[in-house]
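Participant: Questions regarding the structure given below will be posed in turn.
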Amino acid sequence: MHAVLYKNSQNEFVILDAYFKGRWSADKESLIIYLNYLDLREKYNERDQHIFKKALGDKCLQYDISLKKTQEILNFIYKENMPRLCNYDPIFILNMLDKKENGIITPPTPIIEVTPYCNYGCTWCYIPPRNIDSKLFYRKDELQKNVIDPMLEEFGLLEWCLTGGEPNIEKEKTMEIANLIKERSLAILGRKPVSIYLLTNGYNLEKYAEDYKKAGINCYQVSLTSPIREHENLLRKPKKGIDSFEHAVAGLRKIVSLGMRAEINMIVQPMGVHDANNLHDIDKMFELAKEIGVKMLRIIPAVPCGTAKENHIWMSKKEYDIVRNYVREGRKKVSNMEIDCPIDQEIEKDREIFCRAGTLWVYVNFKGEVYPCNNIQDRESICWDKTIKEDKLTDIWRNSKLLNFMRDYNVKSINEECMECSYRVECVGECRALAWSRYRTYNLNMKPEVCFKDLNIEEFRGY
């Protein structure tokens, strides 16, 4: 759970879980304690409560906050299971509290498109079909001036993400951007980023991993659609001569051997749409993930957005159930591995449609256009009428009407019937992208005339 912070006045703040699993009001003194708590979690072993409590108490005494008040807030943090992660330097935010304007005062993790080019032909890609004109590419100096430096100077951002296309087909550019983020972080914050993620299909990753590590890239989410070589290659459609399975698995093994964070991202496909199916490969993916030693396995049913929507990649109710059952069985085999599967998570009965779009993420494409997340890239969903070639991402983040709408926790986003529907998880869950891709709306204040529960997906998709 990541902590998102809002300022309502000089002494009124809101702490929000980016997954919307909790919201808490705080006065300035309580927020100071909380931010110091987040900071010290990075430096001390929280399990050693005696040392941790003393360190937190001593730190808060520097702000003239009593040990009693500090202990009360610490107990409250534990009781409420408040977020214990953040993508920013907590002390940097603390020191900027008085200067911050009302509204969100914490940053997104920018998902930066290094290149639009890709060497695979996945029919379920979240990027919509688009014309690629190299004359429109953002430049590195524009990225530094309007994205990297402002995010560091105004928010103390510590987490970054690079993607494509496929970033590994432009290794030098990927390394240049990673090095720039690392160097500017050192210059402005006096510290390296906590994480620079690379979202990749694994092409040549084994070969590039050591150079990437030197550049500061330390977390890798590798797309692997099947643990079965034949299925993987038939599904991914790599360019001739590339074995996508071999590249991904060898890359993952290399990342693990170098002591960096490795994750597998498995996008599950509906049956019958491709030359191979991966729905019944999920159990073997758990086995492979455990054998390689990855930190996280993501089992994600294909989201019908972008190219996937063009190709009618729609999962049926029955297929969602199959995914859920495989994941629940798989969890028993890998107790020490993080498992992320949105349809194997319960949604509270009163839960609104509220996600990390607008609270924790933005997507910057190769032209410098800004979107709420990687799964929302329609022209209607652009966050700003200019690009990061002209305007600072920090200004776009604070002032975009769409992003402010998405992060407004006071706006009701789902009607009672849909909220209580037994198919809520499969239909839209808590995801703006699913709501948009299915119904062309970011919320469900009214029940759609034809909804997922009523629709015969198999008949609709035509396969």
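Computed from the coordinates by the stated procedures, all read-outs in this text should not be read as laboratory data. What you are looking at is a predicted structure, and each value in this text was computed from that prediction instead of being measured. Cβ sites come from the backbone with ideal geometry, for glycine too, and all protein chains shown count toward neighbours.
Participant: For residue 380, what charge total do you get from the other residues with a beta carbon under 14 Å from its beta carbon, if Lys and Arg give +1 and Asp and Glu give -1?
Facilitator: Overall, the nearby charge balance is +2.
Participant: Can you give the FRET efficiency to the nearest 0.05 for residue 385 and residue 348, using r as the Cβ-Cβ distance and R₀ = 30 Å?
Facilitator: Calculated value: 0.25.
Participant: Still on this structure, please answer the following. In what order do 316, 244, 257 fall by count of nearby beta-carbon atoms within 10 Å, going from fewest to most? Before the final figure, lay out each step's value.
Facilitator: On the way: 316 19, 244 26, 257 12.
Least crowded to most crowded, the residues run 257, 316, 244.
Participant: I need the calculated FRET efficiency for the pair residue 76 and residue 101, taking r as the beta carbon distance and R₀ as 35 Å, to the nearest 0.05.
Facilitator: Values: r = 27 Å, r/R0 = 0.78.
E(calc), rounded to 0.05, equals 0.80.
Participant: Further question: Given the DSSP H assignment, sum -39500 (n - 2.57) over each helix run of at least 4 residues in the chain and divide by its residue total; what's the result at 222 nm in deg cm²/dmol, nearest 500? Can you show the working numbers first?
Facilitator: Numbers: 19 runs with 176 residues, N = 463.
Mean residue ellipticity, 222 nm, calculated: -11000 deg cm²/dmol.
Participant: Short version: ³J(HN,Hα) in whole Hz for each residue of the stretch 216-226, in order, from phi by Karplus 6.51 cos²θ - 1.76 cosθ + 1.60 (θ = phi - 60°), x for Gly and Pro, what are they?
Facilitator: Result, ordered by residue: x, 6, 10, 9, 9, 9, 9, 6, 9, 7, 8 Hz.
Participant: Work out the FRET efficiency for residue 318 and residue 140 from their Cβ-Cβ distance, taking R0 = 41 Å, and round it to the nearest 0.05.
Facilitator: The formula returns an efficiency of 0.30 here.
Participant: Would you mind computing, in nm to one decimal, how far apart the modelled labels at residue 422 and residue 172 are, each placed 7 Å from Cα along Cα→Cβ?
Facilitator: Roughly 6.0 nm, to one decimal.
Participant: Could you tell me what a quarter of the Cα convex hull surface of the stretch 185-313 works out to, in nm² with one decimal place?
Facilitator: Values: hull surface 36.3 nm².
Computed as one quarter of the Cα hull surface, the answer is 9.1 nm².
Participant: Quick one: work out Rg over Rh on the C-alpha atoms of the stretch 35-194, Rh as Kirkwood radius.
Facilitator: Rg/Rh: 1.09.
Participant: Can you work out ³J(HN,Hα) from phi for every residue in the stretch 357-371, in order, using Karplus 6.51 cos²θ - 1.76 cosθ + 1.60 and θ = phi - 60°, giving whole Hz and x for Gly and Pro?
Facilitator: 5, x, 10, 9, 10, 9, 10, 10, 7, 4, 8, x, 6, 10, 10
Participant: If you don't mind, there's one more thing I want to ask. Which translational diffusion coefficient, to the nearest whole µm²/s, is obtained for the stretch 3-99 from the Stokes-Einstein equation, given a Kirkwood hydrodynamic radius over C-alpha pairs, 20 °C and 1.002 mPa s?
Facilitator: Reported coefficient: 158 µm²/s.
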